[in-house]
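See below for the structure under consideration.
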Amino acid sequence: MAETTTSGGLPRVDAASRDRLLKDVLKGVSRSFYLTLRVLPKNLRDPIGVAYLLARTADTLTDRRRAGFTGARLEGLIVLRSQLVGPADVGVLRGLASELMDGDLSPEERAMFGSLVDYFALLESLGAADQEHVRWVVDTLTQGMEMDLTAFPAEDSGELASLATGSDLDRYTYLVAGCVGEFWTKVTVAHTPSLSGWDVARMSEIGVRFGKALQLTNVLRDIPRDLRAGRCYLPADELAAAGLSPNDLLDPSNEVRAREVLIPWMQTALGHFQAAEEYLLAVPRRSARLRLACLWPLLLGLATLARLARSGRWLDSDSTAKVSRRWVYRMIFFSLPAVCSNTLLRFWIKRLRRKVERLI
């Protein structure tokens, strides 16, 4: 994007620029979301794609251990959030991008951070309503990232802290994922005539639960890794009721007692996935692309939860509940003929859900 506008100094957005951002750059940092974006109807790709790129940039900023102390990462997050309010300052954005690119980066991360100005150019090329939705969801997501930075000690401190209550965990899953369901609902309704009959408020609430299902699954899957980074998302009060402290979870021999806390949260996740199924089936069958974009993360999340339940080694850092790439490709292949059949989708989802229920 070499040519600039006369106001604000942001680059102009042309077809080649969009392709570079929403295909090349995005694919480099998330192959799974790239597939979701490509299957969406074209009129949804810009707002959802730029929201993802901005959120992924913020998330990588806060997760980079080499970026220094928590304070430095928090400062960068605040700078990025200030630019979301607008109008964007190209000088500030270039300065932030330069700081982010100072260090040992993968080529994909370098391309992501180096395109920061272009994300804001794409954002400001959207219609007013889409801009408002994107700014809101990315700001909300960054509040969740700020919660990560302020609730937990630095990774290299050797300390470990936990969220205090179940309400804190529920709020966290809203901030970092549930809000995406709300955003997704408002944007898709605005751009999809077949959804004109939706009750946006009600479907947004169901969409929030869809996002929470996915994030809660990630939390449960990543417990061993997060513990070793000083973060325990399982509530301290629930651990104490089971006779445990966050530090006790570092010892896999405490698995049996930890199940008193883990299983109820797995059941909560299953309840959220039931709402996700309702959300999926509310999408008209003729909107097959939009259905696929909802179906794939739902199936991936449930399959991950099933693998986690089957492993039974929820505190073991050597255990992994990640589904294979081969499973993902098979899931995509079989979803194409099934996506327009509510009967097949209910059967598929029920089978995965029952698998989790049997194992826990």
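On the principal axes of its alpha-carbon atoms, segment 272-360 has extents of 44, 24, 16 Å, going from largest to smallest.
Counting only lysines at least 8 places from K23 when in the same chain, those with an alpha carbon closer than 26 Å to its own are K42, K186, K322.
Each of E75 and R330 was given a label point 7 Å from its Cα along the Cα-to-Cβ line. The distance between the two points is 5.1 nm. Annotation: per residue accessible area for the chain equals 45 Å², rounded to a whole number [probe 1.4 Å, protein chains only]. Over segment 112-192, the alpha carbon radius of gyration divided by the compact-protein estimate 2.2 N^0.38 Å works out to 1.38.
Carbon-plus-sulfur fraction of the accessible area of the chain, 1.4 Å probe, in percent? Reported share for carbon and sulfur atoms: 51 percent.
With the simple spin-label model, which puts each label point 7 Å out from Cα in the Cβ direction, the T320 to D19 separation comes to 3.4 nm. Comparing mean-square fluctuations of I263, I48, I349 from a GNM of the chain with C-alpha springs under 10 Å, the top value falls on I263. Each principal axis of the Cα atoms in segment 171-308 has its own extent, and those three values, largest first, are 53, 25, 23 angstrom. Straight-line cross-link reach from K350 at under 20 Å between alpha-carbon atoms covers these aspartates and glutamates, not counting any fewer than eight positions away in the same chain: E277, E278. Direction-averaged projected area, Cα convex hull, the chain: 17.7 nm², rounded to one decimal. Full extension of the chain between R257 and E278 yields a length gain of 4.2 nm, computed as 0.36 nm times the residue separation minus the alpha carbon distance.
The values are calculated or read from the model by the stated rules, or taken from the named source; none is laboratory data. None of these values were measured; they are calculated from a predicted model. Methodologically, a virtual Cβ is constructed for each residue, glycine included, from the backbone with ideal geometry; neighbour enumeration extends over all protein chains shown. For the accessible areas, the whole protein counts, side chains as well, though only heavy atoms, and no ligand, DNA or RNA atoms are used. Shrake-Rupley method; radii C 1.70, N 1.55, O 1.52, S 1.80 Å.
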